[in-house]
Every structure is written in structure tokens, then in C-alpha cells.
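Enquirer: If you scroll down you'll find the structure; I have some questions about it.
Throughout, read-outs are computed from the coordinates displayed, never taken from laboratory work. What you are looking at is a predicted structure, and each value in this text was computed from that prediction instead of being measured. Because the Cβ atoms are built from the backbone with ideal geometry, glycine has one as well, and the counts that use them run over all protein chains shown.
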Amino acid sequence: MRIVLLGPPGAGKGTQAVRLAQHFDCPHVSTGDIFRSNVAEGTELGQAAKEYLDKGDLVPDEVVIAMVMDRLGSPDCAGGFLLDGFPRTVAQAEALDLNLAAEETPLHSVLCFEAADEELFRRLAGRSAELGRSDDGEETIRHRLEVYATKTRPLVDYYMHRRLLSVVDAVGHVEDITTRILDALRAAVARLTGVADAVSNANANGNGNGNGHGNDYGHGYTPGAEPGTATASAAVTVRTL
Ligand code: AMP
């Protein structure tokens, strides 16, 4: 499956991504991890990104987009991937859509992790004490939450409009959250199957043009696509853990 994990810092995307990547046997592409390992290795990319990471600011779109598109072009991503921490701006989401549409491999689902700000702050402050991450100081944590609210939260509407979004309650035991996610993915696959069936029926009846009109949403939208662009294949199953 091709899945995006959306949500504020501290929502547990990384923890769930590791479990889901194992479950689906696909790569976990974490932009934060890629940046941190480049910073640690002192690469050119790491040097360019470090000041943004330290302040809790977003690395400029063009840098991140080029990095992610390069990564998604690797053979191991051909069968699917979990994107964790990307996209974080509307420009990044648009670039991702364009790239995936060109390959006719649109997203299957976007999972948005939700937790109250106080809970996120508590978790991030705890992680700071444990791991000593340079972007987990109190002020930086607050700044990162603000950056999420202003730059990334608009993606909730962006993906809702494309009928790809599932909201996941990110508070509770790790296993329970994974179960919620798999339930949400099962529902997303069922939606895609319904759309694929409706589109192929419309085409078989000679009145469909394959651009999403005639689907069961009645709005001319297909998941993952503006009308006229590719729709994710429904040939995906979600197993229970
Ligand atoms: P994360 O581990 O996902 O919270 O990311 C850590 C930091 O990496 C962020 O605070 C940003 O500075 C940078 N970063 C990660 N992903 C992105 C992205 N998609 N766009 C811009 N900056 C990013």
C-alpha cells in the first residue's frame, strides 16, 4: 500500500510506522530520520538541514521534495511505502500527487494521528529527557507544534477533499492504536473497491469516462485524485495483526 502518516510531532507516527512497515513489508520513509542521519554523517544535505532542524523549522520545500522523490524512485518503494513526516506543506502534497499520478501509482490512504496539544507536549518533553534530541527543548517543542498548526494542518482538508483521509485517535496503547489504523485502512480499501467497481460498471455500461464521474460519491471525485487523474488500485488487502 501507499500510505501517508500525517499528524503533529509526538503523535506516535514513527512508532506506528515501524509496526506498519513490518506488517505490510514495505519501506518506512521518514524524512526526519533521513535528515537526522545526514546531520550525523555531516553530509551536504545534513549541513543544509541542520539549522532548520535545530530551530524546529521546516526544511525548504524544494530540498525535501527532491529528497523524497529520489527516495520513492528506489526499487524497494515500487510495491508500496509508508511516508512518515512528508508531506508537511500543501506544496509538498501537490508535488507528491503529481509525481505519483505520473507513475499512475496514487496514494491509497492518509492517516491523520490526533492527540491533544498537552499530551503531545508531555510526550515530546519526555522524549527530550530520554534521547536528548536537539529539537526537543521546551521552546522548540512549542514552535514545532505551531509550525504543524499553520503549515501542515491544512493538509487535513487537502486530503479530506480527496477522500483519502482517516483520522486516528493517537492516544492509548501502541497495540490498540495499530488495531485502529488497520481498521481504518480496511475501510479505506473497501471505499476504493466500491469506487473501482462503480467506475468499471459505468465504463461497462458505456456511460462512464473513467474520470470519477459515475462513482458512488456523487461529487465527481475519486480517492487520491482530482477528477481526471489516476485512482489507486483497489487490489489491496489488509490483514489482521
Ligand atoms: P520529524 O522527525 O518528522 O519530526 O522531523 C524532524 C525535523 O526534520 C522537522 O522539525 C523539520 O525540521 C525536518 N523535516 C522533516 N520532514 C520535513 C518535511 N516534510 N518538510 C520540511 N522539513 C521536514
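Enquirer: Please name whichever of Leu100, Leu192, Gly79 sits farthest to the positive end of the charge dipole of the stretch 54-204, dipole taken about the Cα centre and charges placed at Cβ: Lys and Arg +1, Asp and Glu -1.
Expert: Working it through, the farthest residue towards the positive pole turns out to be Leu192.
Enquirer: Dipole of the stretch 1-118, Cα-centred, from +1 at each Lys and Arg C-beta and -1 at each Asp and Glu C-beta, to the nearest 20 debye?
Expert: Roughly 260 debye for the stretch 1-118.
Enquirer: In addition: Give the lysines reachable from Lys13 as a straight Cα distance under 19 Å; neighbours fewer than 8 places away on the same chain don't count.
Expert: Output for Lys13: Lys151.
Enquirer: Let me ask something else about it. Going by how many other beta carbons lie within 10 Å of each one, how would you line up His173, His161, fewest first?
Expert: His173, His161
Enquirer: Ranking Arg123, Arg186 by Cβ neighbours within 10 Å, fewest first, what do you get? Spell out each step's value before the answer.
Expert: Details: Arg123 19, Arg186 15.
Ranking Arg123, Arg186 by Cβ neighbours within 10 Å, fewest first, gives Arg186, Arg123.
Enquirer: If each residue of separation counts as 0.36 nm, what is the full-extension length gain between Glu138 and Val174 once their alpha-carbon separation is subtracted?
Expert: So the chain would gain 10.5 nm between Glu138 and Val174.
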